[in-house]
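In what follows, a structure is listed as structure tokens, so that the remarks can point back to it.
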Amino acid sequence: MHRLRVLAKPYGVVKVDAAPKLMVISFRPNPPVDALRIIELVQKNRHIKLAGNDKLRIERDTPEPRDRAQLIRDVLRSLGTPKQTQTA
């Protein structure tokens with residue numbers, strides 16, 4: 001889980017809920033992710049849906065925790081490389 005947290009942070013992920021049948025990835029406001037990549041991801045995958053402005057719902061029966069973590073990693077990687085945020 002720690003490796004998943006480290007991977008998710010650059011994408012602006014603030015929380016991941018990973019139940020056996022439903023996973024929710026919550027992003028901070030204005031995450032450094034290309035919005036078009038999110039739209040493409042949702043359009044290509046019937047089991048992934050937008051939930052409001054800041055969440056992705058993944059509806060898939062995934063009983064093993066290791067498999068849920070891998071699915072979340074795959075979803076994040078499919079969003080491409082996070083944009084670099086500029087610091088003042």
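Values in this text are rule-based calculations from the coordinates and carry no lab data. Nothing here was measured: the structure is a model prediction, and the numbers come from that model. Positions of Cβ are backbone-derived with ideal geometry, glycine not excepted, and every protein chain shown enters the neighbour counts.
Remarks
- Rounded to 0.05, the FRET efficiency of the K49 and Q70 pair, given R0 = 25 Å and the Cβ-Cβ distance, is 0.80.
- The length gained on full extension between D61 and R3, counted as 0.36 nm times the residue separation minus their Cα-Cα distance, comes to 18.6 nm.
- Look at the alpha carbon pairs under 8 Å that are at least 6 residues apart: their mean separation over the length of the chain gives a relative contact order of 34 percent.
- Pairs of lysines in the chain whose Cα atoms sit within less than 21 Å of one another amount to 11, provided the residues are eight or more positions apart or on different chains.
- Most mobile listed residue (A18, A69, A35) in the chain, GNM with C-alpha springs under 10 Å: A35
- Neighbourhood net charge (12 Å Cβ-Cβ; Lys/Arg +1, Asp/Glu -1) for Q43: +3
- Kirkwood hydrodynamic radius (C-alpha pairs) into Stokes-Einstein, the range 2-78, 10 °C and 1.306 mPa s, D in µm²/s: 128
- Mean residue ellipticity (222 nm) of the chain, computed from DSSP H runs ≥ 4 via -39,500 (n - 2.57), nearest 500: -10500 deg cm²/dmol
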